[in-house]
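**Q** Sharing a structure, written as structure tokens. Questions coming.
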């Protein structure tokens, strides 16, 4: 988004077989709701392929990558770090502070996939809860990104798309742009 630094979403942890759809949905949600990049655990290759395929078909720019160095990615991040957790401060209490920081610093948004080590909580500039009730990490990411961008991400258009969804009141319509 204009006047803001890049947003990277880091999926912390992935249990093959159990987390495949959830990890994929973290990546798709990050792309659809305004992030610039998603970093997935090295063992989430199937999710990486799916998110890259969607980006190829429905447009970007959006980068997806795999790493076995999740902790190093957080530790070496140059910018602000937000860790989404139901144990964090309410998003509505810290969103303006995070938005202000995002104007000058790249933002790393950490989304847990399994038990997150305490080091992640300590390294984060903000531990943020969308609600303090058990919920999906995908839902938490969606609400956080919508708050971060004040809803502007909903108007975003994508370059280099092969296809485009045509909004309508009823039914499904996808236009082939080739």
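The values are calculated or read from the model by the stated rules, or taken from the named source; none is laboratory data. From a predicted model like this one, the values you see are computed outputs, not experimental measurements. Virtual Cβ from ideal backbone geometry, glycine too; neighbours counted across all protein chains shown.
**Q** Give the residues of the stretch 107-126 that are surrounded by 18 or more Cβ atoms within 10 Å (Cβ to Cβ) and in contact (Cβ under 8 Å) with a residue 60 or more places away in the chain, sorted by residue number.
**A** 107, 108, 109, 110, 111, 112, 113, 116, 120
**Q** I'm checking my understanding of the structure. Among residues of the stretch 114-130 that are in contact with a strand residue (DSSP E or B) (Cβ under 6 Å, 6 or more places away or on another chain) and part of a loop (DSSP other than H, G, I, E, B), which one is farthest from residue 34 (Cα to Cα)?
**A** Across the stretch 114-130, the extreme among qualifying residues is 116.
**Q** Every residue in the stretch 151-170 that is free of Cβ contacts under 8 Å to residues at least 40 places away in the same chain and farther than 24 Å from residue 53 by Cα, please.
**A** 151, 168, 169, 170
**Q** Can you pull out every residue in the stretch 131-169 that is in contact with a strand residue (DSSP E or B) (Cβ under 6 Å, 6 or more places away or on another chain), closer than 15 Å to residue 91 by Cα and not in a helix (DSSP H, G or I)?
**A** 132
**Q** While we're on this one: With the stretch 1-98 as the region, which strands (runs of 3 or more DSSP E) entirely inside it contain at least 2 residues that are at pLDDT 95 or above and surrounded by fewer than 19 Cβ atoms within 10 Å (Cβ to Cβ)?
**A** Ranges flagged: 63-67, 80-90.
**Q** While we're here: Looking at the stretch 139-147, is at least one residue surrounded by 11 or more Cβ atoms within 10 Å (Cβ to Cβ), at pLDDT below 95 and in contact with a helix residue (DSSP H, G or I) (Cβ under 7 Å, 6 or more places away or on another chain)?
**A** Looking through the stretch 139-147, none of the residues is surrounded by 11 or more Cβ atoms within 10 Å (Cβ to Cβ), at pLDDT below 95 and in contact with a helix residue (DSSP H, G or I) (Cβ under 7 Å, 6 or more places away or on another chain).
**Q** Same structure again: Out of curiosity, is residue 105 in a loop (DSSP other than H, G, I, E, B) and within 18 Å of residue 80 (Cα to Cα)?
**A** So residue 105 fits the description; yes.
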